[in-house]
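The values are calculated or read from the model by the stated rules, or taken from the named source; none is laboratory data. Bear in mind that the values here come from a model prediction, so they are computed numbers and not experimental data. Note that we place each Cβ from the backbone using ideal geometry, even for glycine, and neighbour counts take in every protein chain shown. Accessible surface areas use protein heavy atoms only, side chains included; no ligands, DNA or RNA. Shrake-Rupley method; radii C 1.70, N 1.55, O 1.52, S 1.80 Å.
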Amino acid sequence: MTRWLGVALLPRADHLRAAVQLQGSVGGDVDLEPPLSTDGNLPHVTVFQGPFHDSLDPADTLAGINASAADMGLPGELTLSSQGVVYQPNGWLFLALERPPLLMSLQESVVAALDSHLDRGSFDGDKDISRFTDSERISYQKYGYRYVGDAYAPHMTLGRAPEAVALELVRTTPERVSLPAAWVFDRLSFYVMGQHGAHAEKLAELPLARP
């Protein structure tokens, strides 16, 4: 049986609550979907996600990933600077974050651990990738996920709205919302993907870089 799963960085508890509040502030009178919460769809930064065979053991795999993270010098708390609220086709609002070398190394380690378990037969070959960048297109065709390697764009998803509404929200956010300068992440999670790739169910969690 194929399972749609992901590996993510989770914000520290106070920043988790701040991210939930930020979704409401950015959306204003618009309810962005899916709604974020501290005990449901968690705010997160996806490192990788996709369809996996049953051969994948989330807990064991996460432990190996976390050990590799410790070996590469990833700290127990990773701080990522805000880069603004950005629009992503179609209708998505992302809180863009910086992409330091350590985060790129973490993704490389995650992809290496998960690659052999990917169910490539479940990739959506009919997906409209016409608005992907060249690097996103290459990433999607190889991994079934558009943000790998050069295409990796660290972000917290704030939600989705009708296209025109999303564009207007992004345009007006700087004058309506004061963004935190940075966000702190202290955990790695293996999760079940929900609506639009949401962090719907936690399968395993470890403090960052502490096996």
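In table form, for the structure just shown:
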{"quantity": "Conditions (1) closer than 15 Å to Leu203 by Cα; (2) under 18 Å from the mean Cα position of the chain (by Cα); (3) part of a loop (DSSP other than H, G, I, E, B): number failed by Leu36", "calculated": "(1)"}
{"quantity": "Residues that are under 13 Å from Gly159 (Cα atoms) and part of a strand (DSSP E or B), drawn from the range 1-33", "calculated": "Glu33"}
{"quantity": "Single unsatisfied condition, Val170 versus (1) part of a helix (DSSP H, G or I); (2) open to solvent by 20 Å² or more (accessible area, probe 1.4 Å); (3) among the aliphatic types (A, V, I, L, M); (4) in contact with a helix residue (DSSP H, G or I) (Cβ under 7 Å, 6 or more places away or on another chain)", "calculated": "(4)"}
